[in-house]
Structures are given as C-alpha cells and as structure tokens.
1. Is it fair to say residue 135 is more than 24 Å from residue 259 (Cβ to Cβ), part of a loop (DSSP other than H, G, I, E, B) and more than 21 Å from the chain's Cα centre (by Cα)?
2. So residue 253 ticks every box in (1) surrounded by 14 or more Cβ atoms within 10 Å (Cβ to Cβ); (2) farther than 27 Å from residue 200 by Cα; (3) not basic (Lys, Arg) but one. Which box is left unticked?
3. Just a yes or no: is a residue in the stretch 145-157 over 25 Å from residue 292 (Cα atoms) and assigned to a helix (DSSP H, G or I)?
4. Does residue 230 qualify as being under 17 Å from residue 148 (Cβ atoms) and acidic (Asp, Glu)?
5. Among (1) in a loop (DSSP other than H, G, I, E, B); (2) within 20 Å of residue 267 (Cβ to Cβ), which single condition is residue 162 missing?
6. Condition first: under 17 Å from residue 67 (Cα atoms), among the polar types (S, T, N, Q) and under 20 Å from the mean Cα position of the chain (by Cα). Now tell me which residues in the stretch 4-36 satisfy that.
7. For the stretch 97-106, which positions are touching a residue at least 24 places away in the same chain (Cβ under 8 Å) and either touching a helix residue (DSSP H, G or I) at 6+ places or on another chain (Cβ under 6 Å) or farther than 20 Å from residue 321 by Cβ (or both)?
Amino acid sequence: MNIKVYKTSEISEEDWKQIANGFNICFDTQHSVDHLMNYYVSTVFGYSYHAIAYTDDNKVMGYNSFIPTIYQYQGEKLLVGVSGGTFVLKEFRNNIFLFKDLMNALFEYCKSEGMVLKVGVPNKNSFRYTIKIIKSKLVGYLPYYILPVRAFTLLHVKKLNFLNVFSYIYCIVKIWLLDFFSRYIHVKAISRKLQICADKDFYRFRFIDTRKYIKYESRQYVGYYRICDENGVKVAYIMDFREKGERTFRSLLHLVKYIVKHTSKVDAVMFIGTLGFKQPLLLKVPWRLEPKHLPMTVNVLNKESNEVLEKVVEDLKSWEFGLMNFDAR
C-alpha cells in the first residue's frame with residue numbers, strides 16, 4: 001500500500017474513474033467524474049487537496065479530500081481545509097488505520113501549503129473514529145432552522161395533505177407581516193471571530209454550478225439556495241444570504257420570500273449552520289427532530305504556534321460555518 005497527495009488537476013483520468021466508483025459504492029450515489037471534479041475545483045484556488053491510498057497494483061482503496069477556504073481571524077487570513085468525501089472500500093476496512101494514514105498525509109502536505117486548520121462534519125459511522133483516532137476536537141453540533149411551508153407533506157401525513165393550504169397561507173401572512181416590520185428594524189449577524197472571506201472570488205467559484213445552485217439578486221440583496229428532494233419532500237436549502245456584504249434579517253427574509261413565491265410546491269425552507277442573529281422567521285428544529293445530527297470537528301495543524309487559536313476554534317460561537325462551506329447531503 002502507498003498513499004499519495006495531489007491537487008485536483010494532478011489526478012489522472014483513470015484514478016478519477018476509480019474515485020467516482022468508490023464514492024458511489026460507499027455512499028450509494030450516482031455521481032459522475034465531471035460532477036466530482038466540478039465540486040472540487042469550485043474553490044478560491046480552483047482546486048482542492050486529495051489523498052489517495054493505492055494497493056500494490058495501483059488500485060484505489062481509500063480516499064480523502066480537503067476543500068480549501070479562506071477565513072479571517074483578527075485581521076489576518078487563515079487557510080482552512082474542509083474535510084469531505086472520505087471513503088475506504090469495504091474489502092480494505094480491516095486496516096483500521098487507513099483513514100488515519102490518509103488524514104495524516106493530507107495534514108503534512110497541507111501544512112506545508114500554509115493550511116492552519118482542518119474542519120469536518122463526520123457522519124454517525126465515522127464520528128467516534130474522528131475523535132478517538134484522528135484526535136479531532138468537537139466544536140459543536142450545527143443547528144437546523146426551518147420554515148414549514150406545507151407542514152403535512154413535511155410530516156408525511158398524506159391523509160391531511162389537503163390542510164397544507166392553511167400552513168401555506170400562514171407562511172405567506174407571516175412573511176408579509178415581517179416584511180412590513182423589517183422596514184423599521186434592522187438586524188444583522190454578530191461578527192464572528194472566524195469569518196469566511198466572502199469576496200468576489202469566493203462566490204465566483206463556490207456557486208459556479210448553476211445546475212445545482214440558484215442565485216437570487218435584487219437591489220442590495222443577494223442569496224443562494226439549492227432545491228432537493230428528501231424522500232418526497234421538496235426542500236429549499238439556503239446556502240447564503242447577504243445585504244451589502246453582510247448577513248441581515250432583511251436579506252434572509254427577501255430570499256425566503258423569493259423561494260416561497262417562485263419555487264413550485266416547495267414544502268420547506270431550511271438553513272443549517274451558525275445563523276448569527278435571533279429572528280422570528282425560521283424555527284429552530286428541536287434536537288430530537290433533526291434529520292441527522294451534524295457534529296463539527298476541528299484539528300489545529302500546528303498546535304505549538306497556535307495555542308490561543310486552538311481555544312477559539314473549539315467554540316462553535318466563534319465560527320461562521322454551515323452549508324456555505326459544504327453540502328451536507
């Protein structure tokens with residue numbers, strides 16, 4: 001076995017085919033090579049970092065990636081890697097340290113590239129491994145916020161779907177009232193210690209796939225969202241929303257109003273991540289009703305020189321983090 005680290009464009013066509021095949025087998029998806037490559041080049045650098053584990057006859061047996069994101073901390077820029085897409089083929093999982101070896105290879109390579117932090121949102125199966133073996137620290141669980149537009153479809157109560165008209169009318173009235181009052185009250189997100197460097201380059205690359213992401217823009221407001229079918233429920237996932245470059249309640253409201261008005265039969269609007277302000281539009285989903293818990297974890301790549309930073313990054317309140325960073329589906 002050997003492990004190699006690449007930037008996206010350095011991976012051969014044959015390896016990409018094996019990566020896509022392994023990804024689809026392990027996650028029960030049908031992603032093409034083009035889909036994966038487009039995702040990994042949609043970064044501020046135009047590439048991501050990849051670790052590939054090969055058998056002695058050069059077959060891909062395991063894979064991991066870091067997606068680079070620029071954050072601002074105390075006026076300085078930090079290179080942060082978002083870990084994702086990890087898999088080890090079933091026949092090689094008896095090697096319990098393979099995932100750790102992949103991660104360590106990326107740690108060493110990316111540290112030499114100036115990366116300071118690695119963050120991730122491991123699934124239920126890999127969470128304990130991430131904490132115990134990779135030595136990641138739990139930052140906190142990402143909260144869910146929701147506007148149930150057609151409540152009975154959302155609850156999978158087909159016999160009562162005819163009552164959806166009432167929840168839809170409730171949403172329209174709620175949006176209309178909040179729109180009226182928002183003209184006189186201005187609420188913006190609190191400044192986080194770790195803010196995404198959301199400049200033109202970030203937006204130009206992050207949401208480049210117009211087949212997946214829908215852009216809303218009106219006057220000083222801009223937002224991005226994605227429509228997904230979740231077991232027969234049509235969900236609009238909010239990726240980001242801004243008013244003159246800042247997250248505000250008005251920009252959230254305008255985006256939600258646009259989604260409800262222009263998306264045919266949307267059943268729910270959802271935001272996942274650190275919202276940054278209190279608001280009456282979206283309801284916080286109770287822990288027991290969350291579709292799946294999303295633990296955010298972090299590793300500091302050079303602890304010796306970042307003791308103060310290490311304490312900051314282990315607090316979820318320090319972060320601007322959510323679907324803007326990664327697609328949790």
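The values are calculated or read from the model by the stated rules, or taken from the named source; none is laboratory data. None of the values given here were measured: they were computed from a predicted structure. Quick reminder, even Gly has a Cβ in these numbers, built from the backbone with ideal geometry, and neighbours come from all protein chains shown.
1. Here the answer is yes, as residue 135 does meet what is asked.
2. (2)
3. no
4. Answer is yes for this residue.
5. (1)
6. Within the stretch 4-36, just 8 meets the criteria.
7. 97, 98, 99, 100, 101, 102, 105
Per-residue answers, yes or no, for (1) modelled with pLDDT of 95 or more; (2) under 25 Å from residue 78 (Cα atoms); (3) surrounded by 14 or more Cβ atoms within 10 Å (Cβ to Cβ):
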position: 198; (1), (2), (3): no, yes, yes
position: 202; (1), (2), (3): no, yes, yes
position: 208; (1), (2), (3): no, yes, yes
position: 212; (1), (2), (3): no, no, yes
position: 218; (1), (2), (3): no, no, no
position: 224; (1), (2), (3): yes, yes, yes
position: 229; (1), (2), (3): no, no, no
